[in-house]
Structure formats: C-alpha cells, structure tokens
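Take a look at the structure set out below.
The values are calculated or read from the model by the stated rules, or taken from the named source; none is laboratory data. Nothing here was measured: the structure is a model prediction, and the numbers come from that model. So basically every Cβ, Gly included, is an ideal-geometry build from the backbone, and we count neighbours across all protein chains shown.
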Amino acid sequence: MELISVIVCPLLTIFLILLIVRVIFSWIPRPPEPLMPVEKFSRTTTEWAVEPLRKVIPPVRMGAVALDLSIIVLFLGVNILQGLICR
C-alpha cells in the first residue's frame with residue numbers, strides 16, 4: 001500500500017495543479033503567446049477526466065456567464081481520493 005501512495009500521491013498532486021492552471025487559463029480570453037504551450041498542456045492532460053463529467057453535469061447559467069461545475073466536482077473528487085490514499 002505504501003508503494004502505491006508513493007507513486008499515486010505525487011501524481012494526484014500534479015493533476016490538481018494542472019486543474020488549477022486550467023481554471024486560471026480559462027479566465028484569460030487569450031493567453032500571451034509564451035504561455036500557450038502551458039495552457040495547451042494543462043488542457044490536454046486534464047481533458048480526459050473533465051469531458052465525461054461535462055457530459056453528465058451541464059454548466060450552470062448565471063446571466064451571461066456559465067459556471068462549469070464539472071471541474072469543481074473533479075477537483076473535489078481528486079481531493080477526497082488524495083485524502084483517502086495519501087495519509
């Protein structure tokens with residue numbers, strides 16, 4: 001079990017960081033050119049987990065803005081998983 005936590009815990013932490021980076025870049029309409037590879041990397045490495053949730057959990061409309069709850073649910077789920085595995 002300890003070997004699993006040694007491998008999985010850092011991967012979950014990196015995934016959470018990539019989710020945060022993805023959220024930050026979603027607030028920027030057009031990121032500066034030097035940061036585009038970072039934005040693309042964070043999007044492509046997290047899309048496999050966000051897309052299925054997005055199909056189940058539609059964005060919540062708040063006037064002209066849509067709040068994507070799928071990323072929040074994924075973030076909470078990974079945090080819970082991290083809490084269970086990484087003690």
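Looking only at region 29-62, which residues are of a type outside the set (S, T, N, Q) and in contact (Cβ under 8 Å) with a residue 24 or more places away in the chain?
Within region 29-62, Ala49, Val50 qualify.
Among the listed residues Glu39, Glu47, Glu33, Glu51, which satisfies the condition of being more than 14 Å from the chain's Cα centre (by Cα) and acidic (Asp, Glu)?
None of the other options fit; the residue is Glu33.
Name the pairs: first residue in region 63-81 and closer than 14 Å to Ala49 by Cβ, second residue at pLDDT below 95 and basic (Lys, Arg), Cβ to Cβ under 6 Å, at least 6 apart or on different chains?
Pairs found: Ser70/Arg54.
Considering only region 43-58, state which residues are surrounded by 15 or more Cβ atoms within 10 Å (Cβ to Cβ) and assigned to a helix (DSSP H, G or I).
Once the filter is applied, which keeps residues that are surrounded by 15 or more Cβ atoms within 10 Å (Cβ to Cβ) and assigned to a helix (DSSP H, G or I), region 43-58 yields Arg43, Thr45, Thr46, Ala49, Val50, Leu53, Arg54.
Which residues, counting only those in region 29-42, are among the charged types (D, E, K, R) and exposed (fewer than 12 other Cβ atoms within 10 Å of the Cβ)?
Of region 29-42, the ones among the charged types (D, E, K, R) are 30, 33, 39-40.
Residues satisfying the conditions are Arg30, Glu33.
State all residues of region 11-28 that are surrounded by fewer than 14 Cβ atoms within 10 Å (Cβ to Cβ) and either in contact with a Leu (Cβ under 9 Å, 6 or more places away or on another chain) or touching a residue at least 60 places away in the same chain (Cβ under 8 Å) (or both); if no residue qualifies, say none.
Once the filter is applied, which keeps residues that are surrounded by fewer than 14 Cβ atoms within 10 Å (Cβ to Cβ) and either in contact with a Leu (Cβ under 9 Å, 6 or more places away or on another chain) or touching a residue at least 60 places away in the same chain (Cβ under 8 Å) (or both), region 11-28 yields Thr13, Ile28.
Mind listing whichever residues of region 59-72 are in a helix (DSSP H, G or I) and farther than 18 Å from Ile24 by Cβ?
Passing the criteria: none in range.
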